[in-house]
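Trainee: Take a look at this one; I'll ask things after.
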Amino acid sequence: MQGRAPGKIILSGEHSVVYGAPAIATAIQLYSYIDYTPIKGSELIAEFVGIKVHSNHPIAKLSPLVAFLDRQFQKFVDGAIQVDKILNSPVQLVLYVLASQLPSHSLSAHFNGDSQLPIGAGMGSSASIIAAAVVLVEAINKKPLSPVERYQLVKHCERLQHGKGSLIDAATVILGGVVQVQEQSVTKLPLRLDEHWYWLFTGTPQCSTGECVSFVAEHHGTDHALWQDFSACTESLISQLSTGSDPSDTLLENQRLLTHIGIVSTRTQQLIATLKTRGAVAKVSGAGAYIGDSNGLLLVYAKDITPEALFAGFNMKWGKVEQDTQGAKVFKND
């Protein structure tokens, strides 16, 4: 049995969602997987290729691990530790999901996981692997959850990774397609992206999403007109995707606003300018960064040029934005 969940790309509303404005994201056809094979004995075997983990965990120690991680999170909330000290290793995030949701007899198994998503790229890698575990757990327990229960559980578990789970990440990887989040309200939108959309990974930001959000709040949090402008960009993009119109002007305006709030490095601005000379428009997709050269993911819209020519000489990971419309699901062995 295998749980599979897509990654995601933020299309618009990266920071403005904090201020009650809408944000939209799409699920993409890059996936995280977890295979489940029951075994005899009293151990859980965790094997995760991407993070080079192969470890054995006595079942009796998994419940105390869940309690320990809950205490670690509370220490973070109380300000006693930094967010990167909640987890001792990335595999603990998946172990937390499995051990908190499965009965002991179901934990005697080999959990073999991998992901096509680059870590730290703003493509929802942590939400994706948690979602794969959540739908797998649901199938093992034979206790169906509603979509809302699924993405709320993903959000709850992801707090261990980032200090606060992302509702838009969780909802998008669970539901698939284009998802809008506003004021904790989730709506799946009937929107499709055409073949002209790409992503380009500029490198892992030197500050976390939470740190970047705090920086923007400190410098621009009371600028209500600014957040109205961000909201207008999101609404415009939704309209353009609905009608198949060219979104270039909206993307340019969105990027101008992101540069204004200080989360786009000079290097990234130069990359965007180079892409523009090649006939494309691009914007930061995600929180960006207020320090360092790397800003995570760029969302790129380009017509009348091959992607090979578009990204020639960049020496960075890139790909086509191919939408996933189904979200997290389970595949059973034949």
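Trainee: Of the residues A139, A60, A170, which exhibits the maximal mean-square fluctuation in a Gaussian network model of the chain defined by a 10 Å Cα contact cut-off?
Mentor: A60
Trainee: K52: which lysines have alpha carbons under 26 Å from its alpha carbon, excluding same-chain residues fewer than 8 sequence positions away?
Mentor: Output for K52: K8, K40, K61, K85, K155, K164, K317, K329, K332.
Trainee: Another question, if that's okay. Between S55 and I291, what is the spin-label point distance in nm, taking each point 7 Å from the Cα along the Cα→C-beta axis?
Mentor: Between S55 and I291, the simple spin-label model gives 2.8 nm.
Trainee: Still on this structure, please answer the following. Divide by every residue of the chain the summed helix terms, -39500 (n - 2.57) for each DSSP H run of at least 4, and state the resulting mean residue ellipticity at 222 nm, rounded to the nearest 500 deg cm²/dmol.
Mentor: Values: 10 runs with 130 residues, N = 334.
After summing the helix terms and dividing by residue count, I get -12500 deg cm²/dmol.
Trainee: Follow-up question, since we're still on this one. Quick check for me: using +1 on Lys/Arg Cβ and -1 on Asp/Glu Cβ, what's the dipole size of segment 193-278 about its Cα centre, in debye to the nearest 20?
Mentor: That gives a dipole near 380 debye.
Trainee: Just want the answer: with Cβ charges of +1 for Lys and Arg and -1 for Asp and Glu, which residue in T306, T209, Y198 is farthest toward the dipole's positive end in segment 197-320?
Mentor: Looking along the dipole axis, the top candidate is T306.
Trainee: Magnitude of the Cβ-charge dipole of the chain, K/R +1 and D/E -1, about the Cα centre, nearest 20 debye? Don't jump to the answer; show the numbers that get you there.
Mentor: Values: 26 positive and 29 negative charges, 156 e Å.
That gives a dipole near 740 debye.
Trainee: Cβ under 14 Å from S106's Cβ, S106 left aside: what net charge do those residues give with Lys, Arg +1 and Asp, Glu -1?
Mentor: +1
Trainee: If you line up the Cα atoms of segment 2-190 on their principal axes, what length do they span on each, largest first, in Å?
Mentor: 50, 38, 30
Trainee: I would also like to ask the following. At 7 Å along the Cα-to-beta-carbon direction for both R159 and A273, put a label point, then send me their distance in nm to one decimal.
Mentor: In this crude label model, R159 to A273 measures out at 4.4 nm.
Trainee: Work out how much length Q29 to D304 would gain on full extension: take 0.36 nm times their residue separation and subtract the Cα-Cα distance, in nm to one decimal.
Mentor: 96.7 nm
Trainee: Now, a different point. Among S128, A80, A46, which residue has its Cα furthest toward the positive end of the charge dipole of segment 2-190, with +1 on Lys/Arg Cβ and -1 on Asp/Glu Cβ?
Mentor: A46
Trainee: Taking only the C-alpha atoms, wrap a convex hull around segment 217-257 and report its volume per residue in Å³ as a whole number. Don't skip to the answer; put the middle values down first.
Mentor: Working: hull volume 2.3 nm³, N = 41.
So the per-residue hull volume is 56 Å³.
Trainee: Once you list every other residue whose beta carbon is under 11 Å from the beta carbon of N254, what net charge do they have if Lys and Arg are +1 and Asp and Glu are -1?
Mentor: Details: positive: R256, K283; negative: E14, D229, D249, E253.
Result for the local shell: -2.
Trainee: Name the aspartates and glutamates eligible as straight-distance cross-link partners of K188: C-alpha to C-alpha under 16 Å, and not fewer than 8 places from it in the same chain.
Mentor: Partners within reach: E149, D169, E235, D324.
Trainee: Could I have the simple spin-label model distance between D78 and D246, label points 7 Å from Cα toward Cβ, reported in nm to one decimal?
Mentor: 5.9
Trainee: Using a simple charge model, +1 on the beta-carbon of Lys and Arg, -1 on the beta-carbon of Asp and Glu, nothing else, what dipole does segment 7-100 show about its Cα centre, in debye to the nearest 20?
Mentor: Roughly 140 debye, rounded to the nearest 20.
Trainee: Further question on the same structure: Charges on Cβ only, +1 for Lys and Arg, -1 for Asp and Glu, centred on the Cα centroid of segment 2-190; of V148, L107, Y36, which one is farthest towards the dipole's positive end?
Mentor: L107
Trainee: What is segment 200-289's relative contact order, in percent, from Cα pairs under 8 angstrom and six or more apart in sequence?
Mentor: Rounded, it is 39 percent for segment 200-289.
Readers should treat all values here as calculations from the given coordinates under stated rules, not as data from a laboratory. Just so it is clear, the model here is predicted, and its values are computed rather than measured. Here Cβ is always computed from backbone atoms with ideal geometry, including for glycine, and neighbour counts include all displayed protein chains.
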